[in-house]
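The structure under discussion appears below in the form of structure tokens.
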Amino acid sequence: MKYTRDYSDEIDRLRKEIQTADAIVIGAGAGLSTAAGFTYSGERLHEYFGDFVEKYGFRDMYSGGFYPFETPEEQWAYWSRYIYINRYMDVDNGTYKRLFELVKDKDYFVLTTNVDHQFQKAGFDKHRLFYTQGDYGLWQCSEPCHQKTYDNEETVRAMFEQQKDMRVPSELVPYCTVCGKPMSMNLRADDSFIEDDGWHKAAERYDNFIRTRSGQHILFLELGVGMNTPVIIKYPFWKMTYANPKAVYACLNFGEAFAPDDIAEQSICINGDIREVLLKNEK
């Protein structure tokens, strides 16, 4: 399934497809945010979680997200930092904004497993976005006792600013106003994930976009999608490309750029840094 072509030729092909496609469907995974500067280990980890690293030995931010902290005050000290620096802090090195500039005048839609809200911050129309796996900016009941999500920005900012000794003030710990159970992140981790009204409306808009562009010259632009959840973006993009002779599948992924043999002639695979590739397309 893996194959290589000339790097510069593939970038030229991608540029042409972006310019000529009737519609562009962007499928974005964690690799896109990594290219934008959202790293979860190394310098950022030690800058914002040095005390947690020292106490628990966390090697990356994900590890702390699943750790069974002894108190909710410590749990939310960790999570408020996690949410703040990956959702509300301006980190993007221009990658998302470059992508927006490339497609803003096109008929586009974005399907993403990322939960950091960077598409909207870069200018993308929220009605052309489908966040399938949740949003760092939303809470839900951990039970869950009802199908609703809640904006957490005000409380998260207060937690971030007021925490001390790896704990937030007890009065800031969030509880469900309906059943009294603890609130949790609206992130798809198990079957308690809430697909609220906004989620379902976004899903309907995406389905409608795909249905009404059937048979057109569509560019399926996959950015930084790995093999953790291929059934959400990668496999459907392959299938829709195979079913439409006019479609083109483009895969940008550092170290994991490939396509099935069945759609090789319809595919553009670029094994490189997404930020650099988008910059080259901008010129």
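The values are calculated or read from the model by the stated rules, or taken from the named source; none is laboratory data. This structure is a prediction, so every number in the text was calculated from the model and none was measured. Here the Cβ positions follow ideal geometry from the backbone for every residue, glycine too, while neighbour counts run over all protein chains shown.
Descriptive notes on the structure:
- When the stretch 80-132 is limited to residues that are among the small types (Gly, Ala, Ser) and assigned to a helix (DSSP H, G or I), the one that is nearest to Val277 (Cα to Cα) turns out to be Ala122.
- The stretch 64-74 - residue that is in contact with a helix residue (DSSP H, G or I) (Cβ under 8 Å, 6 or more places away or on another chain) and free of Cβ contacts under 8 Å to residues at least 24 places away in the same chain and, of those, surrounded by the most Cβ atoms within 10 Å (Cβ to Cβ): Gly64
- Where a residue in the stretch 29-45 is outside any loop (DSSP other than H, G, I, E, B) and its partner, wherever it lies, is buried (at least 24 other Cβ atoms within 10 Å of the Cβ) and among the hydrophobic types (A, V, I, L, M, F, W, C), with Cβ under 6 Å and at least six apart: Leu32/Leu223
- Failed criterion for Ile11 (all others in (1) assigned by TED's automatic domain parsing to the domain that holds Pro245; (2) crowded, with 21+ Cβ neighbours inside 10 Å; (3) touching a Lys or Arg at 6+ places or on another chain (Cβ under 7 Å) hold): (2)
- Checked against the criteria, Ile26 counts as at pLDDT 95 or above, surrounded by 19 or more Cβ atoms within 10 Å (Cβ to Cβ), under 23 Å from the mean Cα position of the chain (by Cα) and not in a helix (DSSP H, G or I).
- Residue match in the stretch 50-60 (condition: among the aromatic types (Phe, Trp, Tyr), assigned to a loop (DSSP other than H, G, I, E, B), at pLDDT below 95 and not assigned by TED's automatic domain parsing to the domain that holds Pro230): no
- Considering the conditions (1) surrounded by fewer than 19 Cβ atoms within 10 Å (Cβ to Cβ); (2) not assigned by TED's automatic domain parsing to the domain that holds Ile11, Ala77 is excluded by exactly one of them, (1).
- The listed residues are Val248, Val225, Val277, and the only one of them that is under 30 Å from Ser8 (Cβ atoms), modelled with pLDDT under 95 and of a type outside the set (D, E, K, R) turns out to be Val277.
- Pairing each residue of the stretch 9-24 that is closer than 12 Å to Val103 by Cβ with any residue that is of a type in the set (Phe, Trp, Tyr) and not in a helix (DSSP H, G or I), provided the two are 6+ apart or on different chains, yields C-beta distances under 6 Å for Ile24/Tyr108.
Let's see how each residue does on (1) in the same structural domain as Ile26 (by TED's automatic domain parsing); (2) under 16 Å from the mean Cα position of the chain (by Cα); (3) polar (S, T, N, Q); (4) farther than 14 Å from Tyr206 by Cα:
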{"residue": "Leu99", "(1), (2), (3), (4)": "yes, yes, no, yes"}
{"residue": "Leu102", "(1), (2), (3), (4)": "yes, no, no, yes"}
{"residue": "Lys106", "(1), (2), (3), (4)": "yes, no, no, yes"}
{"residue": "Asn114", "(1), (2), (3), (4)": "yes, yes, yes, yes"}
{"residue": "Ala122", "(1), (2), (3), (4)": "yes, yes, no, yes"}
{"residue": "Leu129", "(1), (2), (3), (4)": "yes, yes, no, no"}
{"residue": "Cys141", "(1), (2), (3), (4)": "no, no, no, yes"}
{"residue": "Lys148", "(1), (2), (3), (4)": "no, no, no, yes"}
{"residue": "Thr155", "(1), (2), (3), (4)": "no, no, yes, yes"}
